[in-house]
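Step one of this worksheet: look at the structure below.
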Amino acid sequence: MEPATTAAETPKPASPLSVMLAGIMLVAGAIIFLWFAPSSYQIYLALHIVAVMVWVGGDVTLTTLGIVFERKGDGEALAQLGKMGAWIGTRVYTPTLFAVFALGAVLIQKGHWGWGTFWIDFAIVGWGIATVVGVAFVGPELGRIDKAATEHGPTSPEVGRRVKRLFTVFRFDTALLVLIVIDMAAKPTF
């Protein structure tokens with residue numbers, strides 16, 4: 001029997017086999033479900049929803065972890081979260097947010113929704129704000145936090161000041177993204 005992993009130990013990474021099998025299951029399931037979709041609109045809608053789920057879900061997760069680590073006063077965990085956020089932001093969230101927009105535009109055309117509808121306009125403006133905040137501020141600030149943590153230590157006042165500012169902005173960004181999801185689901189008609 002193996003001893004339990006302590007907090008100081010790093011857990012072993014997932015086995016390549018389980019990662020591969022989960023990937024095969026996802027791809028096979030997606031192909032089957034999308035192959036039998038009644039129209040291309042449902043295919044684009046499914047892809048749009050998955051992209052939104054990745055982007056908004058990741059944003060909510062990072063914000064929640066930031067709040068937890070901030071309340072605990074865990075500067076090292078916040079610094080690690082900053083590193084992970086910077087890495088995943090450039091490799092996953094940024095490409096995904098552009099896929100969300102492109103697929104949304106296709107859905108507007110294919111669904112004959114029409115531009116100039118409040119819920120569509122709100123989503124586009126919100127997407128634009130969230131994109132600018134994420135690409136122009138959040139991503140670069142995560143890099144600056146990582147650099148400050150390396151130079152001054154993860155519990156330094158410089159890191160603390162930057163993290164507090166980042167998470168203040170991040171909370172509003174997350175709230176905006178969730179409002180966009182509610183807007184798109186409810187389709188309010190003012």
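The fraction of accessible area contributed by carbon and sulfur in segment 1-154 is 72 percent, rounded to a whole number (1.4 Å probe; ligands and nucleic acids excluded). Seen against the Cα atoms of the chain and their longest principal axis, helix 40-72 is set at about 20 degrees.
With every protein chain kept in place and ligands, DNA and RNA left out, what is the accessible area per residue of the chain? Probe 1.4 Å, answer in Å². Write out the running numbers ahead of the final one.
Values: 12130 Å² over 190 residues.
About 64 Å² of surface per residue is accessible.
Normalised by 2.2 N^0.38 Å, where N is the number of residues, the C-alpha radius of gyration of the chain stands at 1.22. Across the alpha-carbon atoms of segment 88-188, the computed radius of gyration and Dmax are 16.8, 55 angstrom. When each of the peptides 171-177, 20-26 is scored by how many other beta carbons lie within 10 Å of its residues on average, the order from highest to lowest is 171-177, 20-26. Model label points for Val135 and Lys187, set 7 angstrom from Cα along the Cα-to-Cβ axis, are 2.9 nm apart.
For segment 118-165, what is the charge dipole size about the Cα centre, in debye to the nearest 20, if Lys and Arg each add +1 at the Cβ and Asp and Glu each add -1 at the Cβ? Let's see the in-between values first.
Working: 6 positive and 5 negative charges, 37 e Å.
Here the size comes out at about 180 debye.
Here the peptides 72-81, 104-113 are ranked by packing, the mean other Cβ count within 10 Å, and the order with the highest first is 72-81, 104-113.
Shown in residue order for segment 18-31 are the 3J(HN,Hα) couplings computed by the Karplus curve 6.51 cos²θ - 1.76 cosθ + 1.60 at θ = phi - 60°: 5, 5, 5, 5, 5, x, 4, 4, 5, 5, 4, x, 4, 4 Hz (x for Gly and Pro).
Rounded to the nearest 20 debye, what is the charge dipole size of the chain about its Cα centre when +1 sits on each Lys and Arg Cβ and -1 on each Asp and Glu Cβ? If you can, show how the numbers build up before the last one.
Values: 14 positive and 13 negative charges, 41 e Å.
Taking the Cα centre of the chain as origin, the dipole is about 200 debye.
For the pair Asp121 and Val50, label points projected 7 Å from Cα toward Cβ lie 3.3 nm apart. Each residue of segment 157-169 was assigned a 3J(HN,Hα) from its phi angle through the Karplus curve 6.51 cos²θ - 1.76 cosθ + 1.60 (θ = phi - 60°); the sequence is x, 4, 5, x, 5, 5, 5, 4, 5, 4, 6, 5, 5 Hz, with glycine and proline shown as x.
For segment 140-190, what is one quarter of the convex hull surface built on the Cα atoms, given in nm²?
Details: hull surface 17.4 nm².
If you wrap the Cα atoms of segment 140-190 in a convex hull and average its projections, you get 4.4 nm².
Given +1 on the Cβ of Lys and Arg, -1 on the Cβ of Asp and Glu, and no further charges, what dipole in debye does segment 77-182 carry about its Cα centre, rounded to the nearest 20?
Details: 10 positive and 6 negative charges, 35 e Å.
The calculated dipole for segment 77-182 is roughly 160 debye.
Separation of the alpha carbons by more than 25 angstrom is noted, of Lys12/Lys83; Lys72/Lys147; Lys164/Lys187, for Lys164/Lys187.
The values are calculated or read from the model by the stated rules, or taken from the named source; none is laboratory data. Here the structure is a predicted model, which means the values were calculated and not measured. Virtual Cβ from ideal backbone geometry, glycine too; neighbours counted across all protein chains shown. In case anyone asks, the SASA skips ligands and DNA or RNA and just uses the protein heavy atoms, side chains included. Shrake-Rupley method; radii C 1.70, N 1.55, O 1.52, S 1.80 Å.
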